[in-house]
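Trainee: Got a structure here, written out as structure tokens. Questions coming.
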Amino acid sequence: MPLWKIHGNGRTVAPGDVVAPDERLNWPATIAIGAQHVIAMFGATFLVPILTGFPVATTLLFSGVGTLLFLVVTKNKLPSYLGSSFAFIAPVTAATASAGMGSALAGIVAVGVLLAIIGVVVQLAGLGWVDKLMPPVVAGAIVALIGFNLAPAAWNNFQQAPVIASITLAAVILFSVLFRGFLGRISIFLGVVVGYIAAAIAGELDFSSVADAAWIGLPTFHIADFGNPGTWSAIAMFLPVVLVLVAENVGHVRGVATMTDASVNRSTGRALIADGAATTVAGFFGGSGTTTYGENIGVMAATRVYSTAAYWVAGIVAILLSLSPKIGAVINSVPAGVLGGVTTALYGLIGIIGIKIWVDNRVDFSRPVNQYTAAVALVMAIAGFSMSWGDFQLGAIVVATAAALVIYHLGNAIARWRNTGADDGGPIPAVGPLGGDPE
């Protein structure tokens with residue numbers, strides 16, 4: 001029996017129809033859509049290794065391998081591309097600076113293993129316990145603090161070439177509001193292209209490594225180092241990232257289910273296991289941690305093609321691109337000014353995603369428990385609070401995440417015991433129509 005049934009005539013999608021995960025268009029159309037998925041993820045995926053100092057080609061390789069692994073684990077039922085997760089940027093940067101790349105990779109492996117374990121539990125017991133541990137106010141705070149914690153890193157790059165950075169930032173914002181559909185969704189990638197061209201005109205590019213790079217060759221591999229004394233304190237900085245990956249994967253599954261078939265939600269546990277396995281493999285050999293990508297959800301929504309066949313194509317194309325050191329050298333030549341401009345927007349957007357969680361779930365910020373859960377966590381993350389005991393150190397993301405969890409759960413327990421009304425009373429009631437023009 002074939003893996004995919006041909007949808008309709010294999011060339012077009014009728015109005016109102018979608019190409020289901022177990023269907024496909026003809027192979028030329030499927031290959032074209034798969035290549036489009038690579039373009040959609042490319043701009044975001046290559047930024048992570050550039051910002052963390054990881055080899056771009058290695059990250060791209062394990063992005064492709066992770067995507068194929070994801071499809072296998074989810075039994076070819078859940079369309080998804082696994083690109084580099086921005087949630088890893090802050091802990092990888094801190095761990096690399098304090099203990100080296102090997103320790104940072106060990107942290108990525110630890111996240112992957114824990115995510116896979118959570119996936120097994122979700123597959124057996126459901127998602128209810130995750131919602132109780134990480135209600136909207138806590139989930140939003142954790143996602144937001146990871147983005148805002150990176151603000152100093154964006155400024156460090158921005159001030160190295162403020163003119164190029166400003167051009168890049170303006171281009172990202174302009175393309176996001178100027179274009180609709182697919183082009184609007186890759187505004188970050190287009191902004192990088194504009195910034196790169198501006199830097200070339202200004203003579204700020206260094207192409208020496210591009211000229212020396214071979215067209216074909218294997219990526220550079222690094223091995224996770226669990227023997228370094230600083231590794232275990234580094235691993236602690238990575239653990240909050242698990243909560244972000246859970247939220248991203250669950251959101252991805254629910255999004256696909258909404259647009260295709262509610263039965264897709266049954267794959268939630270497998271999706272977590274698959275992303276955990278992909279992240280673990282990448283971390284062991286020098287790649288960035290992975291996650292499902294909103295950019296690719298956008299491509300599916302625009303094309304109405306949810307075929308997993310397109311993602312097999314995308315994964316294979318990514319692997320083939322990773323085997324060209326020259327492509328990796330071109331990507332590595334992106335100057336600091338361009339990175340400063342794009343990360344000013346990008347890191348802020350990570351923070352805004354957290355705030356959107358609050359808005360979508362109508363978190364009641366008139367309640368003191370919710371106020372302090374968010375307020376304390378964000379200030380700790382932005383200011384860079386840390387704690388240390390000898391060689392063991394907890395970075396701002398760990399400290400802020402722990403603060404959010406303790407304040408919320410302990411604060412709720414005390415407020416309900418004392419019946420003060422300071423606890424989280426659930427979502428605030430909607431006032432008037434939600435959205436649309438006022439009547």
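Trainee: Out of (1) of a type in the set (Val, Ile, Thr); (2) open to solvent by 40 Å² or more (accessible area, probe 1.4 Å); (3) within 30 Å of residue 234 (Cβ to Cβ), what's the single condition that is false for residue 268?
Mentor: Among (1) of a type in the set (Val, Ile, Thr); (2) open to solvent by 40 Å² or more (accessible area, probe 1.4 Å); (3) within 30 Å of residue 234 (Cβ to Cβ), the lone unmet condition for residue 268 is (2).
Matching residues to (1) over 26 Å from residue 318 (Cα atoms); (2) in contact (Cβ under 8 Å) with a residue 24 or more places away in the chain; (3) not hydrophobic (A, V, I, L, M, F, W, C):
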site	(1), (2), (3)
156	yes, yes, yes
164	yes, yes, no
212	no, yes, yes
216	no, yes, no
225	yes, yes, yes
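To keep it simple, each residue is scored yes or no on (1) out of contact with any Lys or Arg (no Cβ under 9 Å at 6 or more places or on another chain); (2) more than 19 Å from residue 67 (Cβ to Cβ); (3) of a type in the set (Lys, Arg); (4) at pLDDT 85 or above.
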position: 4; (1), (2), (3), (4): no, no, no, yes
position: 14; (1), (2), (3), (4): yes, yes, no, no
position: 18; (1), (2), (3), (4): no, yes, no, no
position: 27; (1), (2), (3), (4): yes, no, no, yes
position: 31; (1), (2), (3), (4): yes, no, no, yes
position: 38; (1), (2), (3), (4): yes, no, no, no
position: 43; (1), (2), (3), (4): yes, no, no, no
position: 47; (1), (2), (3), (4): yes, no, no, no
position: 53; (1), (2), (3), (4): yes, yes, no, no
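Trainee: Given the criteria surrounded by fewer than 23 Cβ atoms within 10 Å (Cβ to Cβ) and among the acidic types (Asp, Glu), does residue 212 qualify?
Mentor: yes
Trainee: Next question, about the same structure. May I ask you to verify whether residue 204 is over 20 Å from the mean Cα position of the chain (by Cα) and at negative phi?
Mentor: Yes, satisfied.
Trainee: If you check 94, 99, 87, 57, which single one turns out to be open to solvent by 10 Å² or more (accessible area, probe 1.4 Å), under 20 Å from residue 145 (Cβ atoms) and not aromatic (Phe, Trp, Tyr)?
Mentor: Only one candidate passes the filter, namely 94.
Trainee: Go through the stretch 326-375 and count every residue that is over 16 Å from the mean Cα position of the chain (by Cα), surrounded by fewer than 21 Cβ atoms within 10 Å (Cβ to Cβ) and small (Gly, Ala, Ser).
Mentor: Total meeting the criteria: 5.
Trainee: It is to be established whether one or more residues within the stretch 223-235 are farther than 26 Å from residue 324 by Cβ, within 17 Å of the chain's Cα centre (by Cα) and surrounded by fewer than 17 Cβ atoms within 10 Å (Cβ to Cβ).
Mentor: no
Trainee: Something else now. Looking at the stretch 276-297, which of its residues are of a type outside the set (A, V, I, L, M, F, W, C) and either touching a strand residue (DSSP E or B) at 6+ places or on another chain (Cβ under 6 Å) or open to solvent by 30 Å² or more (accessible area, probe 1.4 Å) (or both)?
Mentor: If the condition is that a residue be of a type outside the set (A, V, I, L, M, F, W, C) and either touching a strand residue (DSSP E or B) at 6+ places or on another chain (Cβ under 6 Å) or open to solvent by 30 Å² or more (accessible area, probe 1.4 Å) (or both), then 279, 288, 290, 293, 294, 295 are the ones that fit.
Trainee: Still on this structure: Of the residues that sit in the stretch 104-134 and are within 21 Å of the chain's Cα centre (by Cα) and of a type outside the set (A, V, I, L, M), which one is surrounded by the fewest Cβ atoms within 10 Å (Cβ to Cβ)?
Mentor: Filtering first and then ranking leaves 131.
Trainee: Pairs please, first residue from the stretch 362-385 and closer than 16 Å to residue 351 by Cβ and at pLDDT 90 or above, second anywhere and assigned to a loop (DSSP other than H, G, I, E, B) and open to solvent by 70 Å² or more (accessible area, probe 1.4 Å), Cβ atoms under 9 Å, 6+ apart in sequence or on different chains.
Mentor: Between residues of the stretch 362-385 that are closer than 16 Å to residue 351 by Cβ and at pLDDT 90 or above and residues that are assigned to a loop (DSSP other than H, G, I, E, B) and open to solvent by 70 Å² or more (accessible area, probe 1.4 Å), the close pairs are 363/427; 374/365; 379/385.
Trainee: While we're here: With the requirement that a residue be open to solvent by less than 50 Å² (accessible area, probe 1.4 Å) and either out of contact with any strand residue (DSSP E or B) (no Cβ under 6 Å at 6 or more places or on another chain) or basic (Lys, Arg) (or both), what does the stretch 1-12 give you?
Mentor: 10 - this is the single residue of the stretch 1-12 that is open to solvent by less than 50 Å² (accessible area, probe 1.4 Å) and either out of contact with any strand residue (DSSP E or B) (no Cβ under 6 Å at 6 or more places or on another chain) or basic (Lys, Arg) (or both).
The values are calculated or read from the model by the stated rules, or taken from the named source; none is laboratory data. Remember, it's a predicted structure, so these values are computed and weren't measured experimentally. Note that we place each Cβ from the backbone using ideal geometry, even for glycine, and neighbour counts take in every protein chain shown. All accessible areas refer to the heavy atoms of the entire protein, side chains included, with ligands and DNA or RNA removed. Shrake-Rupley method; radii C 1.70, N 1.55, O 1.52, S 1.80 Å.
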